[in-house]
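Enquirer: Pasting in a structure now, in structure tokens, and then I'll have a few things to ask.
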Amino acid sequence: MKKILLVEDDFRVCSFINKGLTENGFEVTVAMDGHIGLQLALSTSFDLLILDIMLPGLNGLEVCRQVRVEDSEVPILFLTAMGSTENVVIGLDSGADDYLVKPFKFIELLARIKTLMRRRGKNEENLKVDHEIYRFADLVLDDTEKTLLRDGNEISLTSTEFRLLLMFMKSPRRVLSRIEILDQVWGVNFDMGTNVVDVYVNYIRKKLDKYGDQKLIHTVIGMGYVLKDD
């Protein structure tokens, strides 16, 4: 039975999620305070964490950051009413894997949870194989060590940025639509109604441009993005 930690201070939301997940075969632990949630996350092994952002004691962003210091693998899903693009980006930058805005349909929450757990299972399988290294132009991306070099310079990426660049490196010179990117990077097969993909592509571009003059990620107007030589 997969174990989920739910950190949420709204009793009605807790009851709704707890009931739905339990009926779907999950074991749910509930914390209604950020400090308690962090203690549980660090002291118990969970298969997934669901965090609200606005929490008493300690906000969800800080809970996420502190969990990531100790555990880089456990999937973390933000479930919050703060739905602007800026909030989504801040949440993902803190180390979360996905971000679902309230109000939400339970079927969507369940789909997100299953996607994150499948992704973790695939990551665990990948650890059993030899190094997977991808090269394009002067980029070298190591999917096992989770490192990126450009012209010999190491570039630090967040987990979301790494997954996005890995998608490009696996499909060089192929135009990737925003929906494809949302599906592969965020596990969302529909338009989230934000420009989060564009924001993250720009983040990566800035980091790559710092160590090379050649533009590598290009916009294809009306279609998406492509990794190619100028």
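The values are calculated or read from the model by the stated rules, or taken from the named source; none is laboratory data. In this text the structure is predicted, and so the values were computed from the model without any measurement. Note: ideal-geometry Cβ built from the backbone for every residue, glycine included; neighbour counts use all protein chains shown. Quick note on the areas: whole protein, heavy atoms, side chains included, nothing else; ligands and nucleic acids left out. Shrake-Rupley method; radii C 1.70, N 1.55, O 1.52, S 1.80 Å.
Enquirer: Can you tell me which residue among ILE204, ILE217, ILE155 is at pLDDT 90 or above and closer than 28 Å to VAL101 by Cα?
Expert: Going through ILE204, ILE217, ILE155 in turn, the sole match is ILE204.
Enquirer: Scan region 62-91 for residues that are open to solvent by 50 Å² or more (accessible area, probe 1.4 Å) and among the hydrophobic types (A, V, I, L, M, F, W, C) and jot them down.
Expert: Scanning region 62-91 gives VAL69, ALA81, MET82, ILE90.
Enquirer: Restricting to region 162-175, name every residue that is out of contact with any strand residue (DSSP E or B) (no Cβ under 8 Å at 6 or more places or on another chain) and either surrounded by fewer than 16 Cβ atoms within 10 Å (Cβ to Cβ) or not in a helix (DSSP H, G or I) (or both).
Expert: none
Enquirer: I want to confirm something. Restricting to region 146-161 and keeping residues that are touching a strand residue (DSSP E or B) at 6+ places or on another chain (Cβ under 9 Å) and open to solvent by 20 Å² or more (accessible area, probe 1.4 Å), which single residue is nearest to ILE76 (Cα to Cα)?
Expert: Here the answer is LEU157.
Residues are listed down the side, and each one gets a yes or a no for (1) touching a helix residue (DSSP H, G or I) at 6+ places or on another chain (Cβ under 7 Å); (2) crowded, with 22+ Cβ neighbours inside 10 Å; (3) closer than 26 Å to VAL201 by Cα; (4) of a type in the set (Gly, Ala, Ser):
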residue: GLY60; (1), (2), (3), (4): yes, yes, yes, yes
residue: ASP93; (1), (2), (3), (4): no, no, yes, no
residue: VAL101; (1), (2), (3), (4): no, no, yes, no
residue: PHE104; (1), (2), (3), (4): no, no, no, no
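Enquirer: Go through MET32, MET1 for me and flag whichever is in contact (Cβ under 8 Å) with a residue 12 or more places away in the chain and surrounded by fewer than 17 Cβ atoms within 10 Å (Cβ to Cβ).
Expert: MET1
Enquirer: Of all residues in region 131-161, how many are charged (D, E, K, R), farther than 28 Å from VAL69 by Cβ and part of a strand (DSSP E or B)?
Expert: 1
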